[in-house]
1. Multiply the residue separation of HIS254 and THR384 by 0.36 nm, subtract the distance between their alpha-carbon atoms, and state the gained length in nm to one decimal.
2. Determine, for ASP304, ASP279, the number of other Cβ atoms within 10 Å of each Cβ, and report the residues in order from fewest to most.
3. Pop a pseudo-label 7 angstrom from the Cα along the beta-carbon direction at both GLU76 and ARG53 and give the gap in nm to one decimal.
4. Kindly list the residues of the range 465-508 that lie in the label zone of THR391, defined by a backbone N under 18 Å from the point 7 Å along the Cα-to-C-beta vector.
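Rule-based calculations on the coordinates, nothing more; no lab input. Everything numeric here is computed off the predicted structure, so don't read it as measured data. Reconstructed Cβ throughout: ideal geometry from the backbone, glycine too, with neighbour counts over all protein chains shown.
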Amino acid sequence: MRDGLTRRRVLGIGGALGLLAATGLSASAVLARRPSTTGAELRSAVPLPPPFRVPLPIPPVLAPVGPGRYEITQREASAEILPGVRTPLWTYEGTFPGPTIESRRGRPVTVTHRNELPVPTVVHLHGGRTPADSDGYPTDLVLPDRHDATGHGGHGMHDPRAVVSRLTRDYAFPLDQRPTLLWYHDHRMDFTAPAIWRGLAGLHVVRDDAEDGLGLPAGPRELPLMIADRAFAADGSLAYPSLDPDLRARPGVHEPYFAGVLGDVILVNGAPWPVHEVDAARYRLRVLNASNARHYELEAVTDDGRTLDLVQVGADQGLLAAPVTHRLLPIAPAERYDVIVDFAGVPVGGLVRLVNRLGSGRTRDVMAFRVARRAADDSRIPRTLSTDLPTWSRADAVAVRDFSFRTGRMHGGRGWLIGGLPFDPARTDVTTRLGDVEVWRLVADVHHPVHLHLVGFQVLTRGGRPPSPHDAGLKDTVSLRPGEAVEIITRFDGYPGRYLFHCHNAEHEDMGMMANLEII
Ligand SMILES: [Cu+2]
């Protein structure tokens, strides 16, 4: 018990009593509200295109400006996301998603971000094993050139440790970590959700020789899929219910979107319900849920109603020890799944739809694959994928901490709290020693995808039972469903400094649901 949060202990996790103690909900409330998703859906005010007409875009790979050096300009741009409709965006390098950075494990990369947007920004590389000064702490602002440096932050919080720069900032990423799909996105205090919504998100892939040697589908048969829902206003802009449309002063969203903003258009790599022509062969899908609040349960369904196996080879933090076969793959905001799907059994001309079992109407469809031709396939899925996963056990843990993720009072209104407290950059919530193994018990009132910066973790239990099949491997984001408790185990290695853990429902994150982790 080293700090305030850990005093709020949860007893008997997995049992109803522990759950109720932690969430403060009545038994009937817990049982009555097990919605499939948390949040409210915005309706677009423009006509929406039919599904499976727009080709799947592949985000461009960013060219380095020197060995290990990249430059990204954050600027306003517009794009034709819906056919015939111009949509203004906030972008990295003029595109949504931003350009993909391709890296090799252990080869450091420096990305110079230049902020030409009208507001301060912060860049976080999600899943990156990054020193604290480049991790994109929410108050480490990059101010625009002519920013007056006032009027930031709705709650008047002062952060004496903030490192603020003007116009540009170099983010240094050692990338001394397992190969996986990372993503970079805005992480500014109080305004992360609307900034990501407007387009500030991109992919960053880390590879190594061992993974390259596995024989997984590669080249054009490896597809990054950034799934994100959005809604469009009558003028073609992205609709978002901000309390402050200028995204400068007052954080948060209007009711009824307090629990999360959902869109009625499903984008993959920035295109609405796209279609991609494939060979009748195996494909490796690098799936990221970049939605602010929407959860998906993905299923690959053929014309004749068959469900194709989704063979998972990797989780948030890289390869599994061995493949895990799913029919239905749940994916919460910020989670990544690395899956192989085999189109060999689908007739040429056939359509395989990727559907979201949690969606309804138009949001039930995600995208489709059109099988265009028969083709040779020398890819394989080895029975052993990796042998370097950590083997932490409960006996290694020097601390067990409990955190509740629930709504509550905050700054005179309502917010989202961890351990009963809203985020305060000036408060240290958890202090841990570099190298320590800890078990964290997380419990939720509604859906909360909980993300730890710096470290990967393993899921020990879910709902008092062994982890679910989709909990396999090393993760950095774990999906808590309503009333659910999850235990995770991790080792805080990497770098000392101030890091975050938070809910990755981006609206919850902006409305208090973050906490500080100080590694000493
Ligand atoms: Cu949350």
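1. Using 0.36 nm per residue and subtracting the Cα-Cα distance, I get 41.9 nm.
2. Working: ASP304 8, ASP279 19.
Least crowded to most crowded, the residues run ASP304, ASP279.
3. My value for the distance between the label points is 3.0 nm.
4. In the range 465-508, the label zone of THR391 (backbone N under 18 Å from the point 7 Å along Cα→Cβ) covers 473-474, 489-491.
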